[in-house]
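Following: one structure in structure tokens, then a few remarks.
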Amino acid sequence: MRLKGLELYTDHPEAEFVASGHRACQGCAEILALRMALKVFGKDTIMAMATGCMEIISTPLPTTNWEIPWIHVAFENAAAVASGIESAIRILQEKKKIERKDIHVIAVAGDGGTSDIGMQALSGALERGHKFTYICLDNEAYMNTGIQRSSSTPYGAMTTTSPPGKKSIGQSTWKKDMAKIAAAHNIPYVATACPSYPFDLFSKIKKARSVNGPSYIHILSVCPTGWRIPADLAIEYGKLAVRTGVFPLYEVEDSRYKITYSPEPLRPVQDYLKGQGRFRHLKDEDIELIQKRITAQWEELKYLCSLK
Amino acid sequence: MSIKKGIEVSIAASIAAKLARVEVIAAYPITPQTHIVEHLSELVANGELEAIYINVESEHSAMSACCGASAAGARTFTSTSAQGLELMHEILFIASGMRLPIVMATVNRALSSPLSIWGDHSDIMAARDTGWIMLFCENGQEVVDSIIMAFKIAEHRNVLLPVMVNLDGFSLSHVIEPIEFPSQKDVDSFLPPYKPLYSLHPDRPVTMGAYGMPEIYTEAKYAQEMALINSKDTIIGVMKEFGDKFGRHYKPVETHNTENTDFAFICLGSTNENIATAIDELKSYGKEAGLIKLRLFRPFPKDELLSALKDKKRIAVIERAMPAGAANGPLYNEIASLIYNNRLDITLENYIVGLGGRDVHPEYFIDIFDKKITFKTDKNYTVIGVRE
Ligand SMILES: Cc1ncc(C[n+]2csc(CCOP(=O)(O)OP(=O)(O)O)c2C)c(N)n1
Ligand code: SF4
Ligand SMILES: [Mg+2]
């Protein structure tokens, strides 16, 4: 008997494209998400990666953890590098200098490399319509350089550059909605995902790879080190982010929004915030404010999904 | 059959890139480079050049996309100027460090502020230590020939480094000159298709752009430095092969009228033509001045320069960039260190001219020769024509 839903990914390759021996922290969900994604992208994939945790944990010269072609150029330009690769592969195939086959180019960057310093390059690449997938591994701060805030850091979170203090709550701004910004480019496919929901993630990667144009996947990637939680709770916190509505799982296919997993009734955000060291200093009224915002965002998403 | 025609040098530069059969172009417009990229877009749009033109959203992305394209094995070309060169500055080092044979036509222009779209060398002097091979052109013919040679140099197995072909903004890029274009057939036989040693392809996965821990970084950079220094032999070889095939002969250091004089100017780029005019005029008064032109700036052609310098008594280094607080102009400093290291007894003078498109008159050089321009005692260099 086959389990319902499994048919989606029973044909995904067993192969691993992340070799063991990388240096990611215990419980790191960035490397987990990437490992899952690569299984679906498969062998014929070329990856351009931005500077950040995933680059640093994988490639001290002369070693590598990548079993597919991989390139790192700088922090803010993964999308531009991918544009160049995609163009090169296309023209070399047209000129019959390399064999014509379906090679997929992906760009991978953290939330800093995406929603801050890499936003311009990303917007350019999405607008130009390159056939590639951009993956943002969102751990909600600049982890590689020591947990500094990014525009993707949630309101109230403690980071090393948004420390709570007498005059500050910690991060004083609301999380930038990068997936919506990507969707505003009217590209064929945008989705959010989280490795705590692997089947959902697999099916989204599969769609992202198959569309004829740019696709963008925003993956919430729990970082036990930066969030100050025990490593064995990484998967659990990913689930809590989804079940509280803090990080909804949805996709935008040809500009139509669709929630791919509905956690209703939503659990209180308190369940997600408590236990995370980065939110430890928040007071009840702070949490109430966050709850209001999350509820409103969830309602807005449902409204977008209702549009035909 | 080659054809000779009167043509704007920028257009000629894009035709040279077409003759080199470039496959990916990623560029962002900036004056005075615009005519090059506009014409390339046209060639691609008309199907005259089988290439992909990526309309990137910035120069930073232009150089980044060039890195990706070159790493994936395509012959890659771009062009920029001034602010654009500065915006891609970070990635220039990465292109050379990753040994990617990208070719760029750098149309030299002043840097802001104040904003100036006109020519000088402040852009390239700020980028001179980025690990690229750098050629300088005096006229349109050199631009065309250099772009074709640049790919052959860059892609050579012993080199694998990016190459910049420098041409002065407006005073060279926008002038119409008679230029001889080699036939496509001859260029094809001189410059066969690019076959990368390694490229990003799933059939043979490679990791490019890994990071260097302290125990390996020095060696990695040393290997790169050796490749750059040793590239001179290949550059000379390619210049010779080009000369044999096309009849136009180039050298890393070229001299004009240096045989019978112990005085010479040293300069980069199209200013050399103004200096040559001055030298002709001096000759008509019975005065002899020489000119040493640096065609190759990186790797610095020490030996060739030394043999041009060795019997000279007085040298005037002419530059188009402000020293920015340094003891002298950047070119002067390198020549001074060469002279010092070889214990040559030469009086060195440093003159700054032509900043931000200021006209460079041949009379300046006549006055320099006649020692009519005096140095301020607190400075080793003189900014010619400055109103204080
Ligand atoms: C131009 C530039 N500025 C700053 C840095 C320093 N830097 C490297 S990685 C990084 C943060 C990465 O954060 P993110 O993109 O979120 O990835 P993470 O490490 O969290 O996975 C920073 C600030 C850099 N490498 N380049
Ligand atoms: S700091 Fe966070 S994102 Fe970086 S490797 Fe460790 S767990 Fe992963
Ligand atoms: Mg991050």
**Asked** Restricting attention to region A:69-85, does a residue exist that is over 24 Å from A:S115 (Cα atoms) and either buried (at least 24 other Cβ atoms within 10 Å of the Cβ) or at the interface with chain B (Cβ under 7 Å from one of its Cβ atoms) (or both)?
**Response** yes
**Message:** So, in region A:123-175, how many residues would count as being within 14 Å of chain B (Cβ to nearest Cβ) and within 16 Å of ligand 2 (Cβ to nearest atom)?
**Reply:** 2
**Request:** Within region A:128-156, track down each residue that is within 13 Å of ligand 1 (Cβ to nearest atom) and more than 15 Å from the chain's Cα centre (by Cα).
**Result:** A:N144, A:T145, A:G146, A:I147, A:Q148, A:R149
**Asked** In this structure, does A:G112 turn out to be within 21 Å of A:C53 (Cβ to Cβ), within 12 Å of ligand 3 (Cβ to nearest atom), of a type outside the set (D, E, K, R) and crowded, with 22+ Cβ neighbours inside 10 Å?
**Response** yes
**Request:** Mind telling me which of the residues B:L49, B:L87 ends up being surrounded by fewer than 20 Cβ atoms within 10 Å (Cβ to Cβ), assigned by TED's automatic domain parsing to the domain that holds B:D123 and free of Cβ contacts under 8 Å to residues at least 60 places away in the same chain?
**Result:** B:L87
**Request:** Determine if region B:183-202 includes at least one residue that is of a type in the set (K, R), surrounded by fewer than 21 Cβ atoms within 10 Å (Cβ to Cβ) and either within 18 Å of the chain's Cα centre (by Cα) or within 10 Å of chain A (Cβ to nearest Cβ) (or both).
**Result:** yes
**Asked** Do we find a residue being under 24 Å from B:R248 (Cα atoms) and of a type outside the set (A, V, I, L, M, F, W, C) anywhere in region B:196-218?
**Response** no
**Yes/no for A:V242 being away from ligand 3 (no atom under 16 Å from the Cβ) and either of a type in the set (V, I, T) or crowded, with 24+ Cβ neighbours inside 10 Å (or both)** = yes
**Prompt:** Does region B:135-154 contain at least one residue that is over 30 Å from B:I3 (Cβ atoms) and assigned by TED's automatic domain parsing to the domain that holds B:P205?
**Reply:** no
**Asked** Of the numbered conditions (1) assigned to a loop (DSSP other than H, G, I, E, B); (2) within 24 Å of B:C137 (Cα to Cα); (3) within 14 Å of chain A (Cβ to nearest Cβ), B:T31 satisfies every one except a single condition; which is it?
**Response** (3)
**Prompt:** Out of all the residues in region A:60-71, is one or more within 16 Å of ligand 2 (Cβ to nearest atom), of a type outside the set (S, T, N, Q) and closer than 21 Å to B:R99 by Cβ?
**Reply:** yes
**Prompt:** Are any of the residues in region A:96-104 buried (at least 18 other Cβ atoms within 10 Å of the Cβ) and touching a Cys at 6+ places or on another chain (Cβ under 8 Å)?
**Reply:** no
**Message:** Checking B:N230 against (1) within 29 Å of B:S14 (Cβ to Cβ); (2) outside any loop (DSSP other than H, G, I, E, B): exactly one of these is not met. Which one?
**Reply:** (1)
**Asked** What's the number of the condition B:T218 fails, among (1) away from chain A (no Cβ under 11 Å); (2) polar (S, T, N, Q); (3) in a loop (DSSP other than H, G, I, E, B)?
**Response** (3)
**Fill in**
Taking region B:40-59 and keeping only residues that are within 12 Å of chain A (Cβ to nearest Cβ) and polar (S, T, N, Q), one is left with B:N55, B:S58
**Criterion (part of a helix (DSSP H, G or I), more than 10 Å from ligand 1 (Cβ to nearest atom) and either within 16 Å of A:G213 (Cα to Cα) or at pLDDT 95 or above (or both)) met by exactly one of A:I106, A:I89** = A:I89
**Fill in**
Of the residues in region A:46-68 that are facing chain B (nearest Cβ under 7 Å) and among the hydroxyl-bearing types (S, T, Y), the one that is farthest from the chain's Cα centre (by Cα) is A:T64
**Asked** Would region A:206-215 turn up any residue that is closer than 19 Å to A:A29 by Cα and buried (at least 24 other Cβ atoms within 10 Å of the Cβ)?
**Response** no
**Request:** Determine which member of the set A:S172, A:S168, A:S152, A:S123 is within 16 Å of ligand 3 (Cβ to nearest atom) and either on the phi < 0 side of the Ramachandran plot or crowded, with 24+ Cβ neighbours inside 10 Å (or both).
**Result:** A:S152
**Message:** Considering only residues that are over 28 Å from A:P62 (Cβ atoms) and either among the charged types (D, E, K, R) or outside the structural domain of B:V56 (by TED's automatic domain parsing) (or both), which ones fall in region B:90-120?
**Reply:** B:R109, B:D120
**Message:** Take the conditions of a type in the set (D, E, K, R) and under 24 Å from B:A65 (Cα atoms) and apply them to B:D203. Does it pass?
**Reply:** yes
**Message:** Can you confirm whether A:A184 is farther than 20 Å from A:A37 by Cα, away from ligand 3 (no atom under 15 Å from the Cβ), modelled with pLDDT of 95 or more and surrounded by 24 or more Cβ atoms within 10 Å (Cβ to Cβ)?
**Reply:** no
**Prompt:** Hey, does region B:214-237 have a residue that's of a type in the set (S, T, Y), surrounded by 12 or more Cβ atoms within 10 Å (Cβ to Cβ) and within 17 Å of B:F151 (Cα to Cα)?
**Reply:** yes
**Request:** Scan region B:222-244 for residues that are of a type in the set (K, R) and free of Cβ contacts under 8 Å to residues at least 60 places away in the same chain and jot them down.
**Result:** B:K240
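Conditions (1) assigned to a helix (DSSP H, G or I); (2) at the interface with chain A (Cβ under 10 Å from one of its Cβ atoms), marked per residue:
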position	(1), (2)
B:S61	yes, yes
B:P101	no, no
B:A110	no, no
B:D120	no, no
B:D123	yes, no
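The values are calculated or read from the model by the stated rules, or taken from the named source; none is laboratory data. Values in this document were obtained by computation on a predicted structure and should not be read as measured data. A quick note on method: Cβ atoms are made from the backbone with ideal geometry, for glycine too, and the neighbour counts reach across all protein chains shown.
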